[in-house]
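Engineer: One structure, pasted below without further comment.
FYI, it's all coordinate maths here, none of it is from the lab. These figures come from a predicted structure and were not determined experimentally. Using ideal geometry, Cβ is built from the backbone for each residue, glycine included, and neighbour counts are taken over all protein chains shown.
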Amino acid sequence: MISYGLRYITIFLFFILPVAHAEDPPALVLGDLVAEALDNNPSLKAARYQKLAVETRISQAKAWEAPQIGVEFPLTPVSSFPNPFKDSMETDYFVQQKIPFPGKTTIMAQSERSNSEMTAWSVKSLENITVRDLKNVYYDLYLVQKKIKINAESQDLMRQFAELARKQYELGKGNQADVLRAQTELSMLINEGSTMKQEKQVMETMINTILGRSPEQPLGSVPDIDVHQLSSKKVKSDETALKKRPELKAMDENIRMKDAELALAKRDYYPDIMLRLMYKSMKEGPDDYFSTMISMDIPFLFLSGGKIKGRVEESRLNILKAKEDLRAMENMTRFQIREAMNNVDTNHRTMEFYRSTVIPQAEQTREAMGAAYTTGTAELFSLIEALRTELGARENYHGSVAAYMKSLAALDQATGRDPVIILSENPDTPSKNMERKSHE
């Protein structure tokens, strides 16, 4: 009778008393990581430098070609070589400038300006992709940290189960199989815990890489996530924000650039002008004098007309291609939005299902098995299976939370929402109240 009472009290303590663990490391706040990634990510820095480099092409396109200056020595005797000044009868000094047909440099500047805007939107797209990737790894780290915590609790309980089975076996109340089974389960949990810790290191390395840090720099822990379901109003606003996606904006600018290239190709039918001014210094004969020369291209003749016609046709086809690429991207964006919304709804239902149904049922099953084991009507194997079912349900719940938050991140990236605005709305970042609660 006393042994049954001690047995019941022991099992009661196993499941009721919280397992003591070391104090959690500092919270890893998503908003701070996003801000750091936007500032320090090497790929973003490179893209911004490229944007600045492209902007310099605008002023280059507006400028004319450099003027030419030279000296000519006509009627110079061969005997004066290599010094043409020695016996030359005259020395001609000239300067010449090629003047593009009016409007050409303006069109070239428009093309480069659209190219610059396209590059700027590409940088914005890369920012959104970087933030999405950071969030995905952040939530993966959240999940693996939860699994490690659950695994540690499981190891503590399994050690206590193994000790209880050993004592019961020594008292003749149990069998050796229960002891071996508990030890085997503990070894499996220890191995799973080691694998999870390696996964955690990989996630931390990925986050440090995105942030532009040293891969070995230590990180804190991801706090509990305050999950909010999207409202129908937000879904509607995301659908209407389709045209705000940076990739689509970049494609719009690409079409404008192609339009400018077509206009420039048509301008090639008009001639550029070459203006030349020459001063003739005479050693013998009359006074010095100057001469002028004006020449122009004749691009519309049959000798070169086919080249310009082909360039115009190429530019026209490039415009058609750019427009079809835009249509394809618009369709892909609509698909990505719908897919992300479906994933949001599915993951939210799964999350709520585990929270409200599966976990409570698993807890009840484990408690019932614990009570049955204390009375000798259930085996240790059944109790261990009930515990593993509960722990698996808890892991699946946190997995659905991570999947839900990742689907929100995919939706934000698909609709082109600004990361700064998203963080100000704070749907997936621990609130100050949560942070204060975690410190308390």
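Engineer: Around residue 226, which amide H atoms from residues at least 5 apart in sequence, or from another chain, sit under 5 Å from its own amide H, with H modelled in the peptide plane?
Structural biologist: For residue 226, the qualifying residues are 431.
Engineer: I'd like the distance separating the alpha-carbon centroids of the range 99-172 and the range 312-330, in whole Å.
Structural biologist: 34 Å
Engineer: Along the range 382-388, what does the Karplus equation 6.51 cos²θ - 1.76 cosθ + 1.60 (θ = phi - 60°) give for ³J(HN,Hα), rounded to whole Hz, x for Gly and Pro?
Structural biologist: 5, 5, 5, 4, 5, 5, 5
Engineer: While we're on this one: Multiply the residue separation of residue 194 and residue 323 by 0.36 nm, subtract the distance between their alpha-carbon atoms, and state the gained length in nm to one decimal. Before the final figure, lay out each step's value.
Structural biologist: On the way: separation 129, 0.36 × 129 = 46.44 nm, distance 5.26 nm.
Full extension of this stretch gives 41.2 nm more.
Engineer: Kindly write out, for the range 206-221 in residue order, the coupling ³J(HN,Hα) from the Karplus curve 6.51 cos²θ - 1.76 cosθ + 1.60 (θ = phi - 60°), rounded to whole Hz, with x marking Gly and Pro.
Structural biologist: 5, 5, 4, 5, 5, 7, x, 9, 5, x, 8, 5, x, 10, x, 9
Engineer: Among 315, 114, what is the fewest-to-most ranking by other Cβ atoms within 10 Å? Don't jump to the answer; show the numbers that get you there.
Structural biologist: Numbers: 315 18, 114 21.
Least to most surrounded, the residues fall as 315, 114.
Engineer: Additional query: Assuming R0 = 56 Å, what is the FRET efficiency of residue 78 and residue 308, from their Cβ-Cβ distance, to the nearest 0.05?
Structural biologist: Working from the Cβ atoms, E equals 0.80.
Engineer: Past the 27 Å Cα-Cα mark, which pairs from 124/149; 243/266; 266/323; 244/309; 98/266? Before the final figure, lay out the partial values.
Structural biologist: Values: 124/149 37 Å; 243/266 31 Å; 266/323 20 Å; 244/309 37 Å; 98/266 19 Å.
Too far apart for the 27 Å limit: 124/149; 243/266; 244/309.
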